[in-house]
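Presented below is the structure to which this report refers.
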Amino acid sequence: MKDLTKREIRRTFVELIEKMPYKKVTVAAIVKECGINRNTFYYHYNDLPELIQDIAKRKIDRFIMEGGSVKSLDDIQEAVVNDMFKEKKAVLNIFNSANRELFEFFLWDICEYAINIYMSTAAKGHEINKDDFDIIKGFFKDHFFGGTIRWFSKGLPDSEIARVKRLNRLLEGIAEEMIVNAKQK
């Protein structure tokens, strides 16, 4: 029952954000649409940003569980980007809201989550110290976050995806090389 309620809350939020700006989507609107009370919402989520974060993390996890590969930056970006395109209007509503700083904080967290998955795959079988691992991970998180913000700023055009994919091709093998370099120093 708990999972069904959370699923309904997530589904309702996405449905509402497709129809209206982020600032108009409230906990009150979600609970009314779901037919639950506020306490039930707050039992599952502390606030709307936590709900959004849960939705995004579940999408990445689902991609991986369905056999999606995380051997390259393209793989992990595809996991995030493809789902964003399915709910393009909703994502742009959140991005263009007055709460932009909150959105960027949320996106930063999602980028970290995605890059942790990618780097865990890239570093498998290699022993490097935590500081070097964090530096390498930070480099790719900055790349992922910056590219995503640029894409959002331009209104999510297809041409930007092609640009990011090309950049990812140019960066291919860099994570592994950085890991090897970290082991040697």
Go ahead and collect, in residue order, the members of segment 168-185 whose backbone nitrogen is under 14 Å from a label point 7 Å along the Cα-Cβ direction of residue 131. 182-183, 185
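So if I place +1 on the C-beta of Lys and Arg and -1 on the C-beta of Asp and Glu, and nothing else carries charge, what would the dipole magnitude of segment 1-45 be about its Cα centre? I want it in debye, nearest 20.
100
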In nm, to one decimal, how far is the modelled label at residue 97 from the one at residue 65, with both set 7 Å along Cα→Cβ? 2.5
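How much length is gained if the chain between residue 158 and residue 177 is pulled fully straight, taking 0.36 nm per residue apart and subtracting their Cα-Cα distance, in nm to one decimal?
On the way: separation 19, 0.36 × 19 = 6.84 nm, distance 3.01 nm.
The span from residue 158 to residue 177 would gain 3.8 nm if fully extended.
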Shape box of the chain [Cα atoms, principal axes, largest first, Å]: 58, 36, 29
Compute the separation of the alpha-carbon centres of segment 7-21 and segment 120-185 and state it in Å as a whole number. 31
On full extension of the chain, what length is gained from residue 150 through residue 19, given 0.36 nm per residue of separation minus the C-alpha to C-alpha distance? 44.7 nm
Positive end of the dipole of segment 119-185, charges at C-beta (+1 Lys, Arg; -1 Asp, Glu), about the Cα centre: which of 121, 181, 147 has its Cα farthest in that direction? 147
Rounding to the nearest 20 debye, state how big the charge dipole of segment 106-148 is about its Cα centre with +1 on each Lys and Arg Cβ and -1 on each Asp and Glu Cβ. 140
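So what's the back-of-envelope 222 nm ellipticity for the chain, counting only DSSP H runs of four-plus at -39500 (n - 2.57) apiece and dividing by all residues, rounded to 500?
Numbers: 10 runs with 145 residues, N = 185.
Per the formula, -25500 deg cm²/dmol.
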Under unit Cβ charges (Lys, Arg +1; Asp, Glu -1), what dipole magnitude, rounded to 20 debye, does segment 125-185 have relative to its Cα centre? 260
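Each reported figure results from applying straightforward, stated rules to the coordinates on display, with no laboratory input. Values in this document were obtained by computation on a predicted structure and should not be read as measured data. Don't worry about glycine lacking a Cβ; one is built from the backbone with ideal geometry, like all the others, and counts go over all protein chains shown.
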